[in-house]
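Got a structure for you, questions after.
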Amino acid sequence: MAFDHERRFGNKNAATPVDGNAPKARGPRPEGEGRGRPQPVQKAKKLRLRSPSQDIKSKSQKLKEVRVDLNEIEPIRLQKALSSSGVGSRREMEEWIEAGLVTVNGKKASLGDKVGPHDRVMVKGDAIKLKWPDRLPRVIMYHKEEGEIVTRDDPEGRVTVFDRLPQAKSSRWVAIGRLDVNTSGLLLITTSGELANRMMHPSFEVEREYSVRVMGELTPEISKEMVKGVELEDGPARFDRIFQTGGQEESANQWYNVVIKEGRNREVRRMFEHFGLTVSRLMRVRFGNIGLPPRLKRGQFYELNPAEVAAVMKWSNLTVTGGKKAPTQRKASARKPRTPRPE
């Protein structure tokens, strides 16, 4: 995504690969330090831009004031409500419910129970203030580095993207898709589970674009086969588009951009490996209508302003708050992005 007061979504410059060294691996713990104690992690730097126009400021302020009547919000499963409110993972909440550690309106909860904004929920004897989708969510663009993993807790002690990013108050960050440990580039993170599900679900076929450095000869015949489709160990796979973006003819490495509408594990790498080609570098440069801006360097993040978040919600066919789906349902990939014009 290009910032609304700089560029439009999907700017072609965002697909330009930039070489760089992978981050250093986490070193061993100092002698005598307790096991399991996390090492200090350097926080990601926030990208700061010039001040947006007065028009965008006014629109953003109005959007901040938008609220949905809590009486209009439908009850949801208890474990989902607790997880979305930052109490813990959904699986952990299910375990706590089964263990009798959660009550709703004074009664011991059971799996399958639903709660609404007016229900009183307690976990381990403490009252929980549940977070409801009655306002605009937060969305962060993060330029992930190689060596980081997209998970909340890693038994091997590696750095996670959630270690690097700021905490979300009274809510829980949700990653929109994943990038494996050796893949860098655009990672979207939000407080809206509805937005995350919308953009990740296979039925909506949201495009993911990657910049790929390949070792080996990618012939026109192989490119045609990749677009036509091949059979991998977990089912058929195909690229929607593939095109060369850089590299000299005599070089062993060539740069390509590929567009795919799935998010299966290591799918891009496995597609090239299927033809005996090695991916030596992989970077995501676009997710849906949001492209990786050239100014967003490795290890930096940018939080979308309310006007930009509203544009993403609209493009995803959700209401501003994400609490309800719009009546007309269309696949996100078929829709043309619309955003405020850059200043």
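For region 167-190, give me the residue count where each residue is outside any strand (DSSP E or B) and under 14 Å from residue 144 (Cα atoms).
So the answer is 7.
I'm checking my understanding of the structure. Among residues of region 205-218 that are within 18 Å of residue 236 (Cα to Cα) and in contact with a helix residue (DSSP H, G or I) (Cβ under 8 Å, 6 or more places away or on another chain), which one is surrounded by the most Cβ atoms within 10 Å (Cβ to Cβ)?
The selected residue is 206.
On to the next question. Please go through region 226-248 and pick out each residue that is among the charged types (D, E, K, R), surrounded by 12 or more Cβ atoms within 10 Å (Cβ to Cβ) and under 14 Å from residue 270 (Cβ atoms). First the steps, then the outcome.
From region 226-248, those among the charged types (D, E, K, R) are 228, 231, 233-234, 238, 240-241; that's our starting set.
Next cut, surrounded by 12 or more Cβ atoms within 10 Å (Cβ to Cβ) only: 238, 240-241.
Once the filter is applied, which keeps residues that are among the charged types (D, E, K, R), surrounded by 12 or more Cβ atoms within 10 Å (Cβ to Cβ) and under 14 Å from residue 270 (Cβ atoms), region 226-248 yields only 238.
When you go through 316, 280 one by one, which is the residue that is among the hydroxyl-bearing types (Ser, Thr, Tyr) and closer than 29 Å to residue 131 by Cβ? Step through it out loud before you land on a result.
Details: 280 fails: closer than 29 Å to residue 131 by Cβ.
Selected residue: 316, the only one of 316, 280 that is among the hydroxyl-bearing types (Ser, Thr, Tyr) and closer than 29 Å to residue 131 by Cβ.
Moving on. Could you list all residues from region 163-180 that are surrounded by 15 or more Cβ atoms within 10 Å (Cβ to Cβ) and touching an Asp or Glu at 6+ places or on another chain (Cβ under 9 Å)?
163, 164, 179
Within region 102-159, considering only strands (runs of 3 or more DSSP E) that don't extend past its boundaries, which have at least 2 residues that are outside the structural domain of residue 283 (by TED's automatic domain parsing) and hydroxyl-bearing (Ser, Thr, Tyr)? Steps first, please.
Values: elements: 102-104, 121-123, 126-128, 139-144.
Filter on region 102-159 gives an empty set.
I'm told residue 159 meets every condition in (1) in contact with a helix residue (DSSP H, G or I) (Cβ under 7 Å, 6 or more places away or on another chain); (2) surrounded by 19 or more Cβ atoms within 10 Å (Cβ to Cβ) except one. Can you identify the failing condition by its number?
In the conditions (1) in contact with a helix residue (DSSP H, G or I) (Cβ under 7 Å, 6 or more places away or on another chain); (2) surrounded by 19 or more Cβ atoms within 10 Å (Cβ to Cβ), residue 159 misses (1) alone.
Going through region 75-101 one residue at a time, which ones are of a type in the set (Gly, Ala, Ser) and either assigned to a strand (DSSP E or B) or loosely packed, with under 11 Cβ neighbours inside 10 Å (or both)?
Hits for region 75-101 are 99, 100.
So residue 124 passes all but one of these: (1) closer than 22 Å to residue 95 by Cβ; (2) touching a residue at least 40 places away in the same chain (Cβ under 8 Å). Which condition number does it fail?
Going through the list (1) closer than 22 Å to residue 95 by Cβ; (2) touching a residue at least 40 places away in the same chain (Cβ under 8 Å), residue 124 breaks only (2).
The values are calculated or read from the model by the stated rules, or taken from the named source; none is laboratory data. Given the structure is predicted, the values throughout are model-derived calculations rather than measurements. Neighbour counts run over all protein chains shown; Cβ positions are idealised from the backbone, glycine included.
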